[in-house]
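Trainee: Can you keep this structure in mind? I'll have questions shortly.
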Amino acid sequence: MGERPGMGERPGMGERPGQLPERPNRGDQWQGRVDNAQNTWNSWKQQKQTNLNQFNVNAEQRWNNIESHSGDWQNHREEMWDYRHDRAEEIWDNVGDNIYDCFDDHWWHGHGWGWGHGHYHGNPWWWWAPAAIGTTAAFIDAVIPDPVYVDYGASSGGYYYGAPAQTYGTTTSAAPQTIVINNETVPVTPQSAPVVIEVAATIEQPPPPMPPAEGHPAEWMPLGVFALAQEEKGNPIMFFQLSVNREGTISGAYSNLLSSDNRQIAGKIDKATQRAAWRIGDNTQTIFETSLGNLTQDVSPVAVHFGKSQTQTWLLVRIPEPAQSGQPMNIPELSGKPPEVKKTATTPEVKAPTTPPSK
């Protein structure tokens, strides 16, 4: 299949390194929090072992069943989200505590993007903190009556699950497709992509997200650390740290464990539509698109636009942060259900297109 621009080999196409790099000595407090996280992950894996084994055995059949129901968007949606949450637990099982030396204060300083140890008020994992939709919306001064949770169509077409009405379907073919929601034709390929994608390709590289100096207001809000993986299968080797400033500019970093490729990211959140898009480094041909609401979830789909000819649906899975010293670590319990859809008088039921895409 070859390499994707700026991303290296696709997850699952290669094997994860047999041994992760040895962690440098970061001090007793840092190590204590990592040890606590390791114990939490070990306990979680023991509790989830039966479910993880069942998913490993049944994943291929379940995925094929999902594909066969792509014409029935309601069943497809429910089955897809049930699969995604089990897939996320598989990714958590694979990652565990193995990347806690990534995106911490030493990591940023080591790449020339930070100020080094001691500036972060005792929390070297400031960048890992998750963000709630209300808190994030208030930070960027966006008016959000309802969060938008976007989803992306299968190869047979795009459809919508979210509130308010908004969708971006995707296709693995080069043929453009559209769907109609509230009497509006919605593009599903990059040829007619929204402005936020163009902005992500052209925006200047923002400075790295840094925590505020003591006594100063925050300029950046971390959204957390996410594994980027294929929906169906494959080991997670690519990770994002995403942050946003008060203007809605996205900054952060990308790390590929297989190739040791580490770069900053740049992007934008459209405050009016809640759409979010970003690129890796100087690569303007591969754009990642989702919504602000999705970025506050533990598991969510993301559209990856490879140039103007191909878009694929991938998965973002949040990696839980290590707990503060003396505090229990929280690994979320995933429900297996999709984000709630608000039914309103102006939100019609939307079904997948009946015409399949060109091959």
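Trainee: Among the numbered criteria (1) in a strand (DSSP E or B); (2) at pLDDT 50 or above, which single criterion is violated by VAL180?
Mentor: For VAL180, the failing item is (2).
Trainee: Let me ask something else. For the stretch 312-331, name all the residues that are over 19 Å from the mean Cα position of the chain (by Cα) and either crowded, with 16+ Cβ neighbours inside 10 Å or under 20 Å from GLN205 (Cβ atoms) (or both).
Mentor: MET329
Trainee: Residue under question is GLY281, and the condition is that it be at pLDDT below 90 and on the phi > 0 side of the Ramachandran plot; does it hold? Don't jump to the end; show me each part of the working.
Mentor: Details: at pLDDT below 90: no; on the phi > 0 side of the Ramachandran plot: yes.
Spelling it out, it is not the case that GLY281 is at pLDDT below 90 and on the phi > 0 side of the Ramachandran plot.
Trainee: Being in contact (Cβ under 8 Å) with a residue 60 or more places away in the chain and either charged (D, E, K, R) or assigned to a loop (DSSP other than H, G, I, E, B) (or both) is the filter here; which residues of the stretch 28-39 pass it?
Mentor: The initial filter retains those residues of the stretch 28-39 that are in contact (Cβ under 8 Å) with a residue 60 or more places away in the chain, namely 29-30, 32-34, 36-37.
Across the stretch 28-39, the qualifying residue is only ARG33.
Trainee: Being of a type in the set (Phe, Trp, Tyr) and over 13 Å from the mean Cα position of the chain (by Cα) is the filter here; which residues of the stretch 218-274 pass it? Before you say what the answer is, go through the steps one by one.
Mentor: Here is the first cut: in the stretch 218-274, the ones of a type in the set (Phe, Trp, Tyr) are 220, 226, 239-240, 254.
Hit for the stretch 218-274 is TRP220, nothing else.
Trainee: Of all residues in the stretch 278-311 being hydroxyl-bearing (Ser, Thr, Tyr) and under 11 Å from the mean Cα position of the chain (by Cα), which is nearest to ALA138 (Cα to Cα)?
Mentor: Narrowing the stretch 278-311 to residues hydroxyl-bearing (Ser, Thr, Tyr): 284, 286, 290-291, 296, 300, 309, 311.
If we keep only those that are under 11 Å from the mean Cα position of the chain (by Cα) too, we end up with 290-291, 296, 300.
Numbers: THR290: 19, SER291: 16, THR296: 14, SER300: 22 Å.
Per the stated criteria, the residue is THR296.
Trainee: A further question on this structure: Only one residue in SER259, SER251, SER255 is touching a Cys at 6+ places or on another chain (Cβ under 7 Å) and within 24 Å of ASN98 (Cα to Cα), so which one is that? Walk me through how you get there before you give the answer.
Mentor: Details: SER259 fails: touching a Cys at 6+ places or on another chain (Cβ under 7 Å); SER251 fails: touching a Cys at 6+ places or on another chain (Cβ under 7 Å).
From the options SER259, SER251, SER255, the qualifying one is SER255.
Trainee: In the stretch 143-154, how many residues are surrounded by 17 or more Cβ atoms within 10 Å (Cβ to Cβ) and at pLDDT 75 or above?
Mentor: 5
Trainee: Something else about it: As an exercise: evaluate VAL199 against (1) farther than 20 Å from ARG275 by Cβ; (2) of a type in the set (A, V, I, L, M); (3) crowded, with 16+ Cβ neighbours inside 10 Å and give the number of the one condition it does not meet.
Mentor: Among (1) farther than 20 Å from ARG275 by Cβ; (2) of a type in the set (A, V, I, L, M); (3) crowded, with 16+ Cβ neighbours inside 10 Å, VAL199 violates only (1).
Trainee: I've got another one for you. Could you tell me whether TRP63 is under 30 Å from ILE287 (Cα atoms) and either modelled with pLDDT under 95 or not in a strand (DSSP E or B) (or both)?
Mentor: It is true that TRP63 is under 30 Å from ILE287 (Cα atoms) and either modelled with pLDDT under 95 or not in a strand (DSSP E or B) (or both).
Trainee: Failed condition for TYR160, given (1) surrounded by 22 or more Cβ atoms within 10 Å (Cβ to Cβ); (2) modelled with pLDDT of 50 or more; (3) in contact with a strand residue (DSSP E or B) (Cβ under 7 Å, 6 or more places away or on another chain), with all others met?
Mentor: (2)
The values are calculated or read from the model by the stated rules, or taken from the named source; none is laboratory data. Note that the coordinates shown come from a computational prediction; the quantities given were computed from them, not determined experimentally. Don't worry about glycine lacking a Cβ; one is built from the backbone with ideal geometry, like all the others, and counts go over all protein chains shown.
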